[in-house]
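Reading through the structure tokens given below for one structure.
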Amino acid sequence: MTGANRGTGRAIAAELAEAGMQVWELNRNPSGSPTEIICDLSEPAELSAAITEVLQRVDRLDALVTNAVDRYFAPVADIDMQRWNAALTVNLTSIVATVQQTLPLLRRSQGSIVLMGSHAGTRFFESGLSYCATKAALKALCEVLLLEERPYGVRTSLVSPGAIANEDGDRSPMKMSTVSVAKVVRDLVLNPSDVAVGEIELRPASLGPPVVAGLDRLQSV
């Protein structure tokens, strides 16, 4: 999986490990896991080399979870194109490249792919173009993969969560815990082989007063 060094990604890795799976992590920042490879997903050659290393060390791949994300926020008028390109590479292009490179083993095991999306893919906000656009694109990727890869036994699911308490120490009752989201991902990976969940939306059970601007809008869905 990608982006397992903190927050939701770290919780997902822990849940999958608890379910008996060996979890290989591609992280930009170290998590301390003995099965992690440090790589920058915005660098295609670096990503490809990291995936190749994983595939050389395993003879079976049952699931792929893509969680890494570049949260670059800026008004359209002020977007730095270098940062824009980096965000698109991490949030979309790297996911397509990772899926493409791992598909042979996923087909062999009739495994599953879980794409971590966001409410930002359908509920847009000021300064969020790169984040919103790439999360929206994951819906198209999921649907195309469902059409193309189910004949090979590979199932793809898109998880679109709302507000998650991703930061250490965040105990907001208006957000979902990382562990709760991770348990949903674990269940998707372990679903019966005759079930394909195309998309699942997650919302915090508690709803606070409306927020009117920016990324915080997603806490009022």
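The values are calculated or read from the model by the stated rules, or taken from the named source; none is laboratory data. Computed from a predicted model, the values in this text were never measured in an experiment. Every residue, glycine among them, receives a Cβ derived from its backbone with ideal geometry; neighbour counts consider all protein chains shown. For the accessible areas, the whole protein counts, side chains as well, though only heavy atoms, and no ligand, DNA or RNA atoms are used. Shrake-Rupley method; radii C 1.70, N 1.55, O 1.52, S 1.80 Å.
The GNM of the chain, with springs linking C-alpha atoms under 10 angstrom apart, assigns the highest mean-square fluctuation among S172, S118, S130 to S172.
Count charges around L92 for me, please; just the other residues with Cβ under 11 Å from its Cβ, Lys/Arg as +1, Asp/Glu as -1. Once all neighbours under 11 Å are counted, the net charge is 0.
In this simple spin-label model, placing a label point 7 Å from the Cα along the Cα-to-Cβ direction at both R171 and R203 gives a separation of 2.7 nm. Go ahead and set up a Gaussian network model of the chain, Cα springs under 10 Å, then flag whichever of V195, V65, V96 fluctuates most. Looking only at V195, V65, V96, the biggest GNM fluctuation is shown by V195.
In the assembled protein chains, D70 presents an accessible area of approximately 20 Å² (probe radius 1.4 Å). Comparing mean-square fluctuations of Q22, Q100, Q82 from a GNM of the chain with C-alpha springs under 10 Å, the top value falls on Q82.
Where in the chain are the helices, taken as whole DSSP H runs, whose Cα atoms extend 15 angstrom or more along the long axis and whose Kyte-Doolittle mean reaches at least 0.5?
Those that pass (Cα extent of 15 Å or more, hydropathy at least 0.5) are 129-149, 178-189.
In this rough spin-label picture, where each label sits 7 Å from Cα along the Cβ direction, the K183-F124 distance is 3.6 nm. Restricting the range 17-85 to GluC sites (Glu not before Pro) that sit in a DSSP loop and have at most 16 other Cβ atoms within 10 Å of their own Cβ leaves nothing. Please give the net charge around G214, taking every other residue with its beta carbon less than 13 angstrom from that of G214, where Lys and Arg add +1 and Asp and Glu add -1. Surrounding charge for G214 is +1.
Length gained on full extension, A74 to E53, computed as 0.36 nm times the residue gap minus the Cα-Cα distance: 4.0 nm. Ligands, DNA and RNA aside, T52 has an accessible area near 50 Å² when probed at 1.4 Å.
The H on the amide N of L26, modeled in the peptide plane, is under 5 Å from the matching H of T2, G3, A4, I37, each at least 5 residues off or on a different chain. What number comes out for the charge environment of A163, summing +1 per Lys or Arg and -1 per Asp or Glu over other residues with Cβ under 15 Å away? That sum, taken over residues with Cβ under 15 Å, equals +3. Farthest toward the positive end of the dipole of the range 129-221, out of T156, G169, A136, is the Cα of G169, where the dipole comes from beta carbon charges about the Cα centre.
Looking at the range 127-171, the trypsin sites (Lys or Arg not before Pro) that sit in a DSSP loop and have at most 16 other Cβ atoms within 10 Å of their own Cβ are R171.
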